[in-house]
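**Q** Encoded as structure tokens, here's the structure I'll be asking about.
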Amino acid sequence: MSDTVEEPRVHDATATSQSETDQNPAPEPLSSDHDPNLQTKPKLTDEIPEAKPEEVQSEVIDAEAELAHVDQLPEENQKIRSTEGTSHPVMKKEDEGNKTFTMRELLSELKSDEGDGTPRSTVSPYSRESASQAAENNPAMNLINSIQVHDEEGRSRQRVLAFAARKYASAIERNPDDHDALYNWALILQESADNVSADSVSPSKDDLLEEACNKYDEATRLCPTLYDAYYNWAIAISDRARMRGRTKEAEELWEQATSNYEKAVQLNWNSSQALNNWGLALQELSQIVPVREKEKVVRTAISKFRAAIRLQFDFHRAIYNLGTVLYGLAEDTLRTGGSGNGKDIPPGELYSQSAIYIAAAHSLKPSYSVYSSALRLVRSMLPLPHLKVGYLTAPPVGNSLAPHSDWKRTEFELNHEWLLQVEKPEARETRRNLSGKAEANVEKKRVKVNIREIVSVTPSADLTLPPGAGLCIDTVHGPVYLVADSWESLDGWVDAIRLVYTIYARGKSDVLAGIITA
């Protein structure tokens, strides 16, 4: 599955929270030009339609239907605009006690001005003359001033950006160590790049992004703890890498992007957006690195998407991206036969895991056409009418302290309503009446967890549990302990149960029910 959803830049130093998870999944709709006759396994494309979807395009080279991968969705592919947590891009005005003003305020000034295209002098303590002098012979200002925008809205926006850039040029001229001004100037350049068409030559989108990267570099040298700068810098590098296809230069840029996302996460460990984008950058990198390195990069990407989901359970973009990367891994395993170390998950299981995440993403955001298209390709890979079926080791019902010898490895089924232990007919006990005569088979009590009654789902290291990967499902009636076959298997169970509960909590259980029972 080569679909992936990348996290967009976070506007205004507030990455959109993303119960929508819209950051960088500019999902691209399923490719419609594949040849149905070539399908052996559907393929997920890596891009989301340009609404402007999030980034991420991991492709699988098989001639099969592709699942659109979600790059950056419009709302979420946004830069963090300021070092302060305001909801609008913030520009610093040094001479006014660090007073800030917003893009909206600047636009108002421009519209109220008398038509010379320059904001009134009351907007800034600096004169127009001093601002012009600061901008003279400045390569970055020359790039911004040479941008040609053809629609009125774009021209108005670019005038605001150019005005703000002159302010930062003046601030940096007075104080070269002003890391805030450097950071905000980098944002202006990065925003200006969005105003430039892909085929523009003077200036090119790449020129503006490169200059933005230089400013981010300077800002982080002066202030190594500037999380926002590392995050937006990584997005700018990713944009530059994407322009270069699958070349050696692109590989180097993707490696730089992953390094900056790593620094951003180190500075802000609870940023689900940074983790999602980090996973997307790794997914892109996996398409370029030598084959012997690919699986390691892909598995690292999986860990980043999973970490993002565990920080934000309803982060549908990360959920979808995890599904696409698992789909791609399934296709690679099917094509190459795996690494041969005996620990590879069978392709069928990987396809099923992929389908779980895509079904969950669709349940959370049923209006996203890219998710709907992907679901049509993978729905048949689910163990219908269930979302997940697999083995767990369980104690006798109601006795989690039973001796380990009494715990039994049995099959469990998960759907939109419950997690249920399955008792095979041959395993049922035969009860005898007082005369010794055998009666009809009677079912034993089974573990049954109602999704509505779940409080939390966590891995468990309780030493009283049998050996293996422990799982604790805390419910309103008390905890239920189970043991998965491996830690990797446990990851799948934890994610699946949490996702089903999150879908229920968001009032979307009927959507999930329609997927698995229709």
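The values are calculated or read from the model by the stated rules, or taken from the named source; none is laboratory data. Since the model is a prediction, treat every value here as computed from it, not as a measurement. Note: ideal-geometry Cβ built from the backbone for every residue, glycine included; neighbour counts use all protein chains shown. Side chains are part of the model used for accessible areas, which takes the heavy atoms of the whole protein and leaves out ligands, DNA and RNA. Shrake-Rupley method; radii C 1.70, N 1.55, O 1.52, S 1.80 Å.
**Q** Taking segment 264-301 only, how many residues are over 19 Å from Glu249 (Cα atoms) and touching a helix residue (DSSP H, G or I) at 6+ places or on another chain (Cβ under 7 Å)?
**A** 15
**Q** Residue under question is Arg306, and the condition is that it be under 18 Å from Ile356 (Cβ atoms) and touching a Leu at 6+ places or on another chain (Cβ under 8 Å); does it hold?
**A** Answer is yes for this residue.
**Q** How do the pairs read when you match residues in segment 353-366 that are closer than 18 Å to His386 by Cβ and at pLDDT 95 or above with residues anywhere that are open to solvent by 10 Å² or more (accessible area, probe 1.4 Å) and basic (Lys, Arg), using Cβ under 9 Å and keeping only pairs 6 or more apart or on different chains?
**A** Listed by first residue and then by second, the contacts come to Gln353/Lys388; Ala355/Arg379; Ile356/Lys388; Ile358/Arg379; Ala359/Arg379; Ser363/Arg506; Ser363/Lys508.
**Q** For Lys294, state whether it is modelled with pLDDT of 95 or more and closer than 25 Å to Leu377 by Cβ.
**A** When the stated conditions are applied, Lys294 does not pass them.
**Q** Filter the helices (runs of 4 or more DSSP H) completely within segment 167-273 down to those with at least 1 residues that are open to solvent by less than 10 Å² (accessible area, probe 1.4 Å) and within 24 Å of Arg157 (Cβ to Cβ).
**A** 179-194, 205-222, 227-242
**Q** Hey, could you check segment 144-166 for residues that are hydrophobic (A, V, I, L, M, F, W, C) and modelled with pLDDT of 80 or more and say which is surrounded by the fewest Cβ atoms within 10 Å (Cβ to Cβ)?
**A** Ranking the candidates gives Ala162 first.
**Q** Among Gly340, Gly279, which is at pLDDT 95 or above and more than 19 Å from Lys388 (Cβ to Cβ)?
**A** Gly279 is the lone residue from the list that is at pLDDT 95 or above and more than 19 Å from Lys388 (Cβ to Cβ).
**Q** How about segment 500-518: which of its residues are in a loop (DSSP other than H, G, I, E, B) and within 10 Å of His416 (Cα to Cα)?
**A** Answer for segment 500-518, where residues must be in a loop (DSSP other than H, G, I, E, B) and within 10 Å of His416 (Cα to Cα): just Lys508.
**Q** Would you call Tyr391 part of a strand (DSSP E or B) and either of a type in the set (Gly, Ala, Ser) or touching a residue at least 40 places away in the same chain (Cβ under 8 Å) (or both)?
**A** yes
**Q** Could you give every pair whose Cβ atoms fall below 8 Å, whose first residue belongs to segment 158-176 and is touching a residue at least 12 places away in the same chain (Cβ under 8 Å) and within 20 Å of Tyr216 (Cβ to Cβ), and whose second residue is open to solvent by 50 Å² or more (accessible area, probe 1.4 Å) and assigned to a helix (DSSP H, G or I), counting only separations of at least 6 or pairs across chains?
**A** If the second residue must be open to solvent by 50 Å² or more (accessible area, probe 1.4 Å) and assigned to a helix (DSSP H, G or I), the pairs left are Ala162/Asn145; Arg166/Ser132; Ala171/Glu94; Asn175/Glu94.
**Q** May I ask you to list the residues in segment 451-499 that are outside any helix (DSSP H, G or I), closer than 12 Å to Leu392 by Cα and either touching a Leu at 6+ places or on another chain (Cβ under 7 Å) or of a type in the set (Gly, Ala, Ser) (or both)?
**A** Listed by number, the residues that qualify are Gly468, Ala469, Gly470, Leu471, Tyr481, Leu482, Val483, Ala484, Ser486.
**Q** Return only the number of the condition from (1) more than 27 Å from Gln283 (Cα to Cα); (2) modelled with pLDDT of 95 or more that Ile172 does not satisfy.
**A** (2)
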